[in-house]
Amino acid sequence: MSRKDQPLFQMQGRKGLHLLALAGVLLLSACAQTPPSPQIKPEKYTAVQVKQFKALGFVETDEGWELNLNTNLLFEFDSDRLQSHHVASIQRVAQAMQASGIEAIRIEGHTDNVGSADYNLRLSQRRANAVAQTLVEAGMKSDQMLVKGFGSQKPIADNKSEIGRAQNRRVILIIPAA
């Protein structure tokens, strides 16, 4: 029988036996491995915390739980000073978050597109800082806060109308998803 007529698995000598044994081990180990199961992401927040978020007006998004504080309600036009009757509302949010064990929060300031981009960026930062300061005064830790102004970079409505511009003037509190 010529070499080309020999069966594929017929091997001769020690080398052939070793290769055959190695092939068997590899086949068995491949069969023994179970396919990876999809990772179930544990919930970061408890049902009690989620209930508290909803009671405060937070809405779940891809980034976490967000509370949109429309700045028309919080600030005078072209101002970064919180109206006194809204300070108590922000303090209640801070106290409820602390009671729920939530410490980390992002505070984002936003404006409409009226005025220069540089001015709007600074105004949005000052407004976000004013909300952050109120949260700190209510007992939240400043080192657990990320405070950032975005100016008019992230509109949520059309800036062509007063209604749209009013929606874009806002401060958002975000309890991160991760």
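Values quoted throughout were computed directly from the atomic coordinates according to the rules given, and no laboratory measurement underlies them. Note that the structure is predicted; figures quoted are calculated from it, not measured.
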(request) Output the antiparallel fraction of DSSP beta bridges having both residues in the range 47-176, as a percent to the nearest 5. (result) 75
(request) Report, to two decimal places, the Cα Rg of the range 47-176 normalised by 2.2 N^0.38 Å (N = number of residues). (result) 1.01
(request) Multiply the residue gap between PHE77 and ALA104 by 0.36 nm, knock off their C-alpha separation, and tell me the result in nm, one decimal place. (result) 6.8 nm
